[in-house]
Structures are given as structure tokens and as C-alpha cells.
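Enquirer: For reference, the structure I am asking about is given below.
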């Protein structure tokens, strides 16, 4: 598990240090640095995975594609050196540090590892995920089992649906539901969206066919004939259930195309996996996901030590600050910030004022 991340002079970040837990939410207004913080983490992982590369090859790879080295320099401080480091807890504490000593076009990076650092298994789903399609590509190159857009999630399901989960402890109600990937995907998809999914390889092609059905009908439906959110959630569920304890799962804006009730239930899915050993990072603008987390703490299904919530804002120098939101065991916010999901209250206050004049 990544316990600490420190970032200096990277894009809109001057200096930020964060401490993480099992389930981590990053939120805040647009263009304040949420994605930048995730990119810093992914860039370090990418560089560790591709030791020996230099220049633009380091910052354009499987997880992130950031352009030229000068593009990732902090435009406000104009610093010449960038540094990203993390500290992970496993059998022993280890750290990994990335230094760009030269931010010129052909700059090099130095990676410093201590105590046998190894890169954890990592699945990253970006905001531009694959959506509704009748057929999906097979993963012929097998570089990544899921793909950063989730483009291979249904191929993974088609090949592994009858196999036990990669992590047995991630099975929900195994005696009732079963431990196969297909059973577990259907369990969560039905709970969140009311559907089941099947993914079948189309023989002699490079494609996978996906169909859905409801619990009340065995009629199979093409993805175009159901709500868009169903495909997005199915993709997320398959991707997360492909992981094991100690894996890192990062997803941007999981609330896309989802009704508020489904957003809250999706958070329950994340919490279920997080307390069983999957480290999850969620970038979100959803108050329903945030309040769903608070609700689970209030109900005792999550401990305050299981979560870390950061509100990302710009300071007077236009650089990012990461404010950790403290939540009590009752689910209350101890340090409410202006802009932290308070728009509903602001709108309601104005509506009540209007009603007072009628």
C-alpha cells in the first residue's frame, strides 16, 4: 500500500505531501490539480516499470502521456528540478524517488529505490473510458489486462468468467453467489444497476460480444438498448475484480452517467474491496460518492483509518494545495471547506429566501 506521496515542481504543483489509506478520494473544483496528483503517482509507476528510458520516452507510456519534458514543469515557479516520491508499506517500509535533474527536452531521470522496492500491480481507468459498444476488442497484445480506457475489460471477463476471482477474499457472499468472476460481476452489477452481463468471444474474430439481461427477464439485450451507465459500471466492476490484495486501483470520475443512488452503491463496492486489501484511488466530483463514504463510516462499515479524503484547491500563487478532510466516527466533517460539496446548501438557502418573499 502506498502510504505517502510527495510531489515537487510538477505541473501546477509546487510542493504537496499526502498520506493515503485503503480508500482514497480526491475532489475539488475543476482545474485545481486532482488529475495532476494522480498523474504524478502514475508517472512514478511508469518510470519504475521502464527503468533505463530517458527524455520523452519516460513521460509517454502505458499510464500517462504528458508530451515533452518542459510541459510538466511547474509554470508558476519555473523550477528546474522535479521530484516525485512515495513510501509504501508491505513486509517492510520501502520508498521510491524520481528526480528530473534536467528539465530540458532530453532530460534524464534518476530512480532511487530502497529496501527492495517492487512496483505493485496497478490498474488505472482514465476519464475517457470505453463506453457503449456492441462488440469490444480482444486483448491480443496482452500488454495490460484491462487497458487504461477499460477497453479490454470485457475480453478479460469472457476469458475468466468461469474461473475463481484472482483474489478469493474479494468474493461477496461466496456460499450463495459463488466465487467465479462471472458470478461476482453479476452480483455487484445487479445490486448497483439491476442487470447481469455476459461476454462471449466471437469465434474467428478479434472481438467480444456483450449482452445484458435483468433479473426479471432472461431476454438478452444489446448494450445500445439499456442505459449508458450500465456498461460503464460493468467495466469498473470487472476491472476492480481483476485485482488482488496489495493491488492499486485508480479510477477517474466513476460517477459518469450514473443516477445518485447508483453512485452511492458503487461506493459500497469500492469500500467492500478496500477493507479487504485493495488500495483504491478515486477522483470524483460526486457529492453522492463523498456522502456515501460518510454514511458507511457512520454505519460502522468503514473506519476513519480506512479512508483518506483530499480537497484540492489553488492557493494565492495558483499552485495546488491538498487539504485533508477530517471525518468523525459519526460521519461528520470536522474541517468543512468552502466549495466542498456545499452547492446544494447554497442553492437551498437562496430558494428559502425566495419563498420567504412570496
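Taken together, the values in this text are just the output of simple stated rules run on the coordinates, not laboratory data. This one's a predicted model, so the numbers in the text were calculated from it and none came from an experiment. A quick note on method: Cβ atoms are made from the backbone with ideal geometry, for glycine too, and the neighbour counts reach across all protein chains shown.
Enquirer: Highest mean first, what order results for 17-29, 318-330 on Cβ atoms within 10 Å? Present the calculation step by step, with values, prior to reporting the outcome.
Expert: Working: 17-29: 20.1, 318-330: 15.9.
By packing density, highest mean first, the sequence is 17-29, 318-330.
Enquirer: Stretched out fully, how many nm does the piece from residue 190 to residue 176 gain, at 0.36 nm a residue minus the Cα gap?
Expert: 3.6 nm
Enquirer: Sticking with this one: Between residue 62 and residue 118, what is 0.36 nm times their sequence separation minus the Cα-Cα distance? Round to one decimal in nm.
Expert: Numbers: separation 56, 0.36 × 56 = 20.16 nm, distance 1.74 nm.
Full-extension gain reported as 18.4 nm.
Enquirer: Tell me, what is the percent relative contact order of the range 213-358, built from C-alpha pairs under 8 Å that lie six or more residues apart?
Expert: Contact order relative to length: 16 percent.
Enquirer: Can you give the FRET efficiency to the nearest 0.05 for residue 316 and residue 344, using r as the Cβ-Cβ distance and R₀ = 30 Å?
Expert: Result of the calculation: an efficiency of 0.60.
Enquirer: Which entry in (i) 21.3, 70; (ii) 24.7, 94; (iii) 24.8, 83 matches Rg and Dmax of the Cα atoms in Å derived from the coordinates of this structure?
Expert: Read-out taken from this structure: (i).
Enquirer: Apply the a/c threshold of 1.5 to the C-alpha gyration tensor of the range 157-269 and tell me whether it is rounded, prolate or oblate.
Expert: It is rounded, given that a/c, with a ≥ b ≥ c, falls under 1.5.
Enquirer: Quote to one decimal, in nm, the extra length available between residue 323 and residue 204 on full extension: 0.36 nm per residue of separation minus the C-alpha distance between them. Provide the component values of the computation, followed by the final result.
Expert: On the way: separation 119, 0.36 × 119 = 42.84 nm, distance 5.28 nm.
Separation in residues times 0.36 nm, less the Cα-Cα distance, equals 37.6 nm.
Enquirer: Can you put 193, 1 in order, fewest other beta carbons within 10 Å first?
Expert: If I rank by nearby Cβ atoms, fewest first, I get 1, 193.
Enquirer: Which order do peptides 136-148, 271-283, 154-166 fall in by mean Cβ count within 10 Å, highest first? Numbers along the way, then the final one.
Expert: Details: 136-148: 16.3, 271-283: 21.1, 154-166: 19.5.
Highest-to-lowest ranking by the protection proxy: 271-283, 154-166, 136-148.
Enquirer: Oh, and also: For a Förster distance of 41 Å, can you work out the FRET efficiency between the beta-carbons of residue 71 and residue 140, rounded to the nearest 0.05?
Expert: It comes to 0.85.
Enquirer: Going 7 Å from the Cα of residue 304 toward and past its Cβ, which residues in the range 310-336 have a backbone nitrogen under 17 Å from where you end up?
Expert: 310-311, 324-336
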